[in-house]
Amino acid sequence: MSAKPALPATPPLQRSLLNRLRYKHLHMLVALGSSLNLHRASISLSMSQPAATRMLREIEDMFGCQLFERLPRGMRPTALGLQLVRFAEASLNSLDRCAEDLAVRRQGGYGYLAIGTIMGAAPDLVMTAVAEMKAQNPQLRLRIMGDTSDQVLRLLDQRRIDLAIARRRIAGDSEAYDFEALGNERLLVVVRSGHVLARRRKLSWEELVRDWPWILQPASTPARIALDQLLQRLELPVPADVTECSSVYSMQQLVQLTDAVMLLSDSALKDYLRMGLVKTLPVQIDVPMAPFGMLTRKDQEASQEQQRFMDLLREQARHMAA
């Protein structure tokens, strides 16, 4: 009978770190990473500044390198420090999520599922799947967080969510995440109902850019990138009068109060168009955006609840496509 192969020995440095690294050290790294100030970090951890200084020195001794640069007014993480802050955030969030899941199950629930979604996918695709999931599992605890793709993927990096419905970033995502496309959005240019442009049947991009204020999402968002690419192709400048807003709901409120032109996806504008609060202008953006889809971490196996929710998303995506 052959003997089982021996497990590889843990290298001495890793073994030393595992023996010395504590929960409080992770909290210190996260506090310093967010505050960039030792005094503020010590207050948030309810400890004196000398004690916080000693703890930081202890952490840096463990890793044998400087993790934060000392500046005249605060601190700044080094490249290794930034990597460790991210590790600490992910570790603490994983522990918190595990504790929440256990608490729900002890109380007779069916577990816990956290989802992050871009607003364009939320109204039809995600919320329909959420409603069906809750109908099948009434005691499942569901948390839904909505934001831009960058912010949703940040939540996934931090392990604050189990599943992201978003667009992939250009670099790095293929190594850390699995991606499955679900659909795409169409961009519309709209104004408030009653706007002078709402009665026009013909408009040029040149007039819109030159004569009217705009409400736009930040420069890194897919909608803004598509607009910039279109204007570049048409050899037009970017609008001079722009109000940038990362909140879709704030944009929809602002367009009602101004004469600005707004660019958003058709899914985000669906209810406002149906109620007649905004009107679509007769211009088109024919620059396609990258598809959105499900992103999951490669290093984490999907729970039964997550797998069921992903199946519901697939079913709803097929229904919408048909």
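Taking the Cβ-Cβ separation of HIS39 and GLU132 as r and a Förster radius of 41 Å, what is the calculated FRET efficiency to the nearest 0.05?
On the way: r = 50 Å, r/R0 = 1.21.
Taking R0 as 41 Å, the efficiency between HIS39 and GLU132 is 0.25.
Between [x] 45, 22, 18; [y] 36, 19, 17; [z] 43, 27, 19, which matches semi-axes √(5λ) of the Cα gyration tensor in Å calculated for the structure shown?
Matching entry in [x] 45, 22, 18; [y] 36, 19, 17; [z] 43, 27, 19: [z].
Which shape class applies to segment 130-181: rounded if a/c is under 1.5, otherwise prolate when a/b exceeds b/c and oblate if not, where a ≥ b ≥ c are the square roots of the Cα gyration tensor eigenvalues?
Prolate shape, in that a/c is at least 1.5 and a/b is the bigger ratio.
With each label point set 7 Å from Cα along the Cα-Cβ vector, what nm distance links SER220 and LEU254?
1.8
Can you tell me how much longer the chain between ASP266 and THR78 gets when fully stretched, taken as 0.36 nm per residue apart minus their C-alpha distance, in nm with one decimal? Can you show the working numbers first?
On the way: separation 188, 0.36 × 188 = 67.68 nm, distance 4.24 nm.
Full extension of this stretch gives 63.4 nm more.
Go ahead and set up a Gaussian network model of the chain, Cα springs under 10 Å, then flag whichever of THR243, THR53, THR280 fluctuates most.
Result: THR53 has the largest fluctuation of those listed.
Mind checking the full-extension length gain between ALA176 and ARG199? Use 0.36 nm per residue of separation minus the Cα-Cα distance, one decimal, nm. Before the final figure, lay out the partial values.
Details: separation 23, 0.36 × 23 = 8.28 nm, distance 4.89 nm.
Full-extension gain reported as 3.4 nm.
Can you pull the one-decimal nm distance between simple spin-label points at PHE87 and ARG169, each 7 Å off the Cα toward Cβ?
1.9
Once the Cα atoms of segment 138-220 are picked out, what are the Rg and Dmax in Å?
Over segment 138-220's Cα set, Rg and Dmax evaluate to 18.9, 54 Å.
Looking at segment 35-80, which trypsin sites (Lys or Arg not before Pro) are DSSP coil and have at most 16 other C-beta atoms within 10 Å of their C-beta?
Counting only loop positions with at most 16 other Cβ atoms within 10 Å, the trypsin sites (Lys or Arg not before Pro) in segment 35-80 are ARG73.
Computing the accessible area with a 1.4 Å probe over protein heavy atoms, can you report the carbon and sulfur percentage for the chain?
Of all accessible area on the chain, carbon and sulfur atoms account for 52 percent.
Please report the antiparallel percentage of DSSP beta bridges with both residues in the chain, rounded to the nearest 5.
In the chain, approximately 55 percent of DSSP beta bridges are antiparallel ones.
Beyond 19 Å, what share of the Cα-Cα pairs of segment 250-322 is found? Please give it as a whole percent. Intermediate values should be presented prior to the final figure.
Values: 1515 of 2628 pairs.
For segment 250-322, the fraction of Cα-Cα distances above 19 Å is 58 percent.
List the GluC sites (Glu not before Pro) within segment 219-319 that fall in a DSSP loop (any state other than H, G, I, E or B) and whose Cβ has at most 11 other Cβ atoms within 10 Å. Before the final figure, lay out the partial values.
Working: sites: GLU235, GLU244, GLU301, GLU305, GLU315; in loops: GLU235, GLU301.
Those satisfying the criteria are GLU235, GLU301.
Residue by residue through segment 30-41, which ³J(HN,Hα) values in whole Hz follow from phi under the Karplus form 6.51 cos²θ - 1.76 cosθ + 1.60 (θ = phi - 60°), with glycine and proline marked x?
Listing the rounded values in order: 5, 5, 5, x, 8, 8, 6, 8, 5, 5, 5, 4 Hz.
Cut-off 10 angstrom, C-alpha nodes, Gaussian network model of the chain. Which of ARG201, ARG141, ARG186 fluctuates the most?
Comparing ARG201, ARG141, ARG186 in a Gaussian network model of the chain, the most mobile one is ARG201.
Starting from the exponent 0.38 and prefactor 2.2 Å, build the expected Rg for segment 52-95 from its residue count and divide its actual Cα Rg by it.
Here the Cα radius of gyration is 1.21 times the empirical estimate.
Mind checking Rg over Rh on segment 88-238, alpha carbons, Kirkwood formula for Rh? Walk me through the intermediate numbers first.
Numbers: Rg = 20.5 Å, Rh = 18.7 Å.
When Rh is taken as the Kirkwood radius, the ratio is 1.10.
How big is segment 179-322 along each principal axis, measuring the range of its Cα positions in Å and listing the largest first?
For segment 179-322, the Cα extents along the three principal axes come out at 53, 34, 27 Å.
The values are calculated or read from the model by the stated rules, or taken from the named source; none is laboratory data. These numbers were taken from a predicted model, which means no experiment stands behind them. Using ideal geometry, Cβ is built from the backbone for each residue, glycine included, and neighbour counts are taken over all protein chains shown. Accessible surface areas use protein heavy atoms only, side chains included; no ligands, DNA or RNA. Shrake-Rupley method; radii C 1.70, N 1.55, O 1.52, S 1.80 Å.
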